[in-house]
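Note sheet for the following structure.
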Amino acid sequence: MTCLQSLREHWPEYLMEAWGLGMFMVSAGIVTVLLEASESPIPELIPDANLRRAIVGMAMGLTAIGIIYSPWGKQSGAHINPAVTLTFLHRVSNHRRHTGRASGLGRFWRQFLTSAGRLCGDRAGA
């Protein structure tokens with residue numbers, strides 16, 4: 001399957017991904033402006049900057065959960081990360097080249113365990 005064929009078949013999912021990313025960014029902007037803008041009354045109500053940052057983090061986590069579990073999020077996979085969507089597009093268009101290779105997660109764990117083994121081995125030898 002070529003890149004163009006993949007785009008023709010999956011354009012609704014790509015638009016859903018764009019919607020999810022857009023909603024996440026709009027939410028991030030609104031919450032951050034409300035909690036951090038000097039003209040906003042909230043910084044006076046919550047003077048601790050770390051608490052305001054924690055609130056922003058919780059709001060973004062809840063936004064992500066809402067997007068992921070929405071009907072569109074379930075249909076598209078809810079990556080809301082253009083890099084993941086483009087990676088899937090690349091993998092579909094180059095399926096034959098990728099067949100038989102280790103998965104990205106497998107490579108990650110192999111490198112992680114190798115590095116950890118080397119680090120522990122270096123410490124044990126020192």
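The values are calculated or read from the model by the stated rules, or taken from the named source; none is laboratory data. Worth saying up front: this structure is predicted, and the values here are computed from it rather than measured. Note: ideal-geometry Cβ built from the backbone for every residue, glycine included; neighbour counts use all protein chains shown.
Taking the stated definitions as given, is residue 114 over 30 Å from residue 8 (Cα atoms), at pLDDT 70 or above, surrounded by fewer than 11 Cβ atoms within 10 Å (Cβ to Cβ) and among the β-branched types (Val, Ile, Thr)? Walk me through it before giving the result.
Values: over 30 Å from residue 8 (Cα atoms): yes; at pLDDT 70 or above: yes; surrounded by fewer than 11 Cβ atoms within 10 Å (Cβ to Cβ): yes; among the β-branched types (Val, Ile, Thr): yes.
In short, yes.
In this structure, is residue 44 surrounded by 11 or more Cβ atoms within 10 Å (Cβ to Cβ) and without any contact (Cβ under 8 Å) to a residue 40 or more places away in the chain?
For residue 44, the condition - surrounded by 11 or more Cβ atoms within 10 Å (Cβ to Cβ) and without any contact (Cβ under 8 Å) to a residue 40 or more places away in the chain - is not met.
Only residues that are of a type outside the set (Asp, Glu), surrounded by fewer than 16 Cβ atoms within 10 Å (Cβ to Cβ) and either in a helix (DSSP H, G or I) or without any contact (Cβ under 8 Å) to a residue 40 or more places away in the chain (or both): list them for the range 1-18, please.
Of everything in the range 1-18, those that are of a type outside the set (Asp, Glu), surrounded by fewer than 16 Cβ atoms within 10 Å (Cβ to Cβ) and either in a helix (DSSP H, G or I) or without any contact (Cβ under 8 Å) to a residue 40 or more places away in the chain (or both) turn out to be 3, 4, 5, 7, 8, 11, 12, 15, 18.
Within 30 Å of residue 8 (Cα to Cα), modelled with pLDDT of 90 or more and surrounded by 14 or more Cβ atoms within 10 Å (Cβ to Cβ): is that true of residue 63 in this structure?
Working: within 30 Å of residue 8 (Cα to Cα): yes; modelled with pLDDT of 90 or more: yes; surrounded by 14 or more Cβ atoms within 10 Å (Cβ to Cβ): yes.
Answer is yes for this residue.
Report yes if some residue within the range 22-33 is touching a residue at least 40 places away in the same chain (Cβ under 8 Å) and of a type in the set (S, T, N, Q); otherwise report no.
no
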